[in-house]
Structures are given as structure tokens and as C-alpha cells.
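In what follows, a structure is listed as C-alpha cells, so that the remarks can point back to it.
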């Protein structure tokens, strides 16, 4: 019988084949984009360069980025500015021009195009910390296992140059530790402020496999990104890096009170979508995971209640009916789940719901019964 002989120089034996395949697989993975950034853009010619400049890092890591600027029908030079970056950094920047469809339509289009391992949204009036971006990419590139969510810090910066809160500080022993949403309660740890779009990057494959999409034609859909990221995902890590600079104080922002008063239909659409989804699907999750999911929408619920209180009796009949429906959804959940009842004060702050009823004239079915049960 013929004996196996050592292979000639320059050839390989069959026993080497699995190693060769693994090596080739690793090579393909090494060539993959680590992070897709989607930047929704509408008439941001004055601020877009600051946003895009903050993403220019060392060449080797820059090539691991996929930056998709989605121009939402701007009528200024936003598109022209974005194309300059695409021409200067081919293979990194990509510009998509589309008809105006508001924020959610930009995120949806960007996700369709995304090829990166992780997916993150960056608003065009905000920007990144270059050092934080470098550190985050190095972490992803060296990770042995990829968590479903990566949390990084967000710092508030006002348009006049002042600085606000830093979101994302956690206990030192939690950084870089692989954690699980099934047994980590953000509310109990006092980390609910981290459950916002600005602090999250999500595995692209998870979003695509679950057919994630944001509502289009309305505002405040960044809350949907946080909610469904928590719903779909399980594992996560905290990184001790400031990545996102969140600009506040700019006139026309959706967080400006004038915008809030005009955009109650958007708040209603997002709040009711999330409450309907939670009431239908939330109880399939374990208690901490369910708590984390509910926590993602706290700020929006609080904001909506405050705005409706400010508007008082100027609400139309339809707006009162919508708010009535929203309140019933919210309180049905709080009553059904004893574990989340304590969150009432956290969500609503010092809003007196009985006073809200009196001032708005909104007849909320069984409101008194709801209040008594919660108390």
C-alpha cells in the first residue's frame, strides 16, 4: 500500500485544508466593515462638515467604517458637501439622495444599504469624539465574541459652547464585561439614562433579521431604535469611552419646546406603537429584560404627558381621544405588572394625573380606578 509522504515544498496536505479554510474565513472577516454609520441629513450645510470631519481617523481604521449620508431632500448644499467626502474617501463615505420622508425614512434606507458588523445612527447636527471612535473600533476589531449591543458615553454640548451631562458612566467593574439583558435591570442599577439611541450601537444582522424599521414622516423615532434594539438583543458591553457629542440649544430641534408643542402627533404615534408592541409582546421576556424594554420609552412618555398638560384645553376632540387611548395603554400596563408600578413616578415626575384630567377636560375611562389601584 502506498504510504503518505511529506508534501513537496510549496504544496499542502489534505490535513491542512481546514486550517486554510479558517484562514480564508478570517481574511474575509478582516476585510469586513466593522461599523456602519447612518447620518440622516436635512438642510444641515452649516453643521454637516463638523459632523463628518469628526469621523476622519487614521487610514487603517477609517477603512473599517461605512458612512452613509442620507440626504432627505435638502434644498441647501448638504448634498454637495457630502459628495465631497465621498470623492475624497471612496469606499468609506456613501451619499444617498432621496425625497423628503423625515428621519425614519433615512434610517430605514441606511439600514437597507448597511454592510457593517454594527449599526449606529449619528444625527448631522451632532458629532463624534475622534478618540472615542478610534477606541471603539479597536475594541470591535479585537473582540473574541461580539455582543449584541455596545454602549458608549454621550456628552451634552450646547450650541453656545457650554457643556452638560455625561451619559454612560457605570461602575468600574462593569466596563468590558459581557452582560445579559435577562439578568441586568437598568432601572434597578440607576442606568436607565443609557437606554437612548446616542449610546447604542447594535449588531446589523440582528436588526435585519428582525425586519426592523422606523415609522416614516414623523419625528421622535430615535426612541423606536432604542426600544427595538433592547427587544431584539440579549448581550451587551459598556465601553469607557465618550463617543457621541449631543448638541442642544439649537433652534428648531425636536427637543425644543416649540417643536414639541407642534409635534404631538409624532409623539402619539411613537408612544402608542411602543405600548401596543409591549402589551402584545413584552411578557415573552424575563422580568429584568421586560423592565429594560419598558424603560427605553420613559422619556418619551414623560415628554408627551408634559406637553399635553401645557396645551390644556386647546386640544382638539381627536387629540383628546388619542391621549385617552394612550393613557389607557400606559395604565393597563402599569396595573397589569406590579413590578413596573413603581416606575409611575419615574416616568411622570411631578405631573398630577388628576390635575391633568381637570385641566385638559379629557375624560379618561376609569382614571380614578387606575390611580387608586396604583396607589
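When residues in region 86-122 are screened for being without any contact (Cβ under 8 Å) to a residue 60 or more places away in the chain, within 17 Å of residue 218 (Cβ to Cβ) and in contact with a helix residue (DSSP H, G or I) (Cβ under 8 Å, 6 or more places away or on another chain), 1 of them pass.
Farther than 19 Å from residue 234 by Cα, surrounded by 19 or more Cβ atoms within 10 Å (Cβ to Cβ) and not assigned by TED's automatic domain parsing to the domain that holds residue 101 - does that describe any residue in region 275-292? Yes, region 275-292 has at least one match. Inspect all residues belonging to region 71-89 and state whether any of them is at pLDDT below 95 and over 27 Å from the mean Cα position of the chain (by Cα). The answer is no, given that none of the residues of region 71-89 is at pLDDT below 95 and over 27 Å from the mean Cα position of the chain (by Cα). When region 91-114 is filtered for residues that are closer than 27 Å to residue 159 by Cβ and either more than 23 Å from the chain's Cα centre (by Cα) or part of a strand (DSSP E or B) (or both), the ones remaining, listed by number, are 93, 95.
Scanning region 181-197 for residues that are buried (at least 16 other Cβ atoms within 10 Å of the Cβ) and touching a helix residue (DSSP H, G or I) at 6+ places or on another chain (Cβ under 8 Å) returns 181, 184, 185, 186, 187, 192, 195, 196, 197.
Within the set 138, 153, 177, the sole residue that is modelled with pLDDT of 95 or more, touching a helix residue (DSSP H, G or I) at 6+ places or on another chain (Cβ under 9 Å) and surrounded by fewer than 21 Cβ atoms within 10 Å (Cβ to Cβ) turns out to be 138. Residue under question is residue 339, and the condition is that it be within 23 Å of residue 194 (Cα to Cα), surrounded by fewer than 17 Cβ atoms within 10 Å (Cβ to Cβ) and at pLDDT 80 or above; does it hold? So residue 339 fails the test. Quick check on residue 102: is it on the phi > 0 side of the Ramachandran plot and not assigned by TED's automatic domain parsing to the domain that holds residue 267? It is true that residue 102 is on the phi > 0 side of the Ramachandran plot and not assigned by TED's automatic domain parsing to the domain that holds residue 267. For region 192-204, state whether one or more residues are within 20 Å of residue 275 (Cβ to Cβ), part of a helix (DSSP H, G or I) and in contact with a strand residue (DSSP E or B) (Cβ under 9 Å, 6 or more places away or on another chain). Checked region 192-204: at least one residue is within 20 Å of residue 275 (Cβ to Cβ), part of a helix (DSSP H, G or I) and in contact with a strand residue (DSSP E or B) (Cβ under 9 Å, 6 or more places away or on another chain). Here residue 155 meets each of (1) within 25 Å of residue 42 (Cβ to Cβ); (2) in a loop (DSSP other than H, G, I, E, B); (3) touching a residue at least 24 places away in the same chain (Cβ under 8 Å) with one exception, condition (2). The single residue among 220, 227, 244 that is crowded, with 21+ Cβ neighbours inside 10 Å and either part of a loop (DSSP other than H, G, I, E, B) or without any contact (Cβ under 8 Å) to a residue 40 or more places away in the chain (or both) turns out to be 220. Inspect all residues belonging to region 115-123 and state whether any of them is in a helix (DSSP H, G or I), under 16 Å from the mean Cα position of the chain (by Cα) and buried (at least 19 other Cβ atoms within 10 Å of the Cβ). No, region 115-123 contains no residue that is in a helix (DSSP H, G or I), under 16 Å from the mean Cα position of the chain (by Cα) and buried (at least 19 other Cβ atoms within 10 Å of the Cβ). I'd like to check something: does region 73-90 contain any residue that is in contact with a strand residue (DSSP E or B) (Cβ under 6 Å, 6 or more places away or on another chain) and not in a helix (DSSP H, G or I)? No.
The values are calculated or read from the model by the stated rules, or taken from the named source; none is laboratory data. The model shown is predicted, which means the values in this text are computed figures rather than measured ones. Note that each Cβ is placed from the backbone with ideal geometry, even for glycine, and that neighbours are counted across all protein chains shown.
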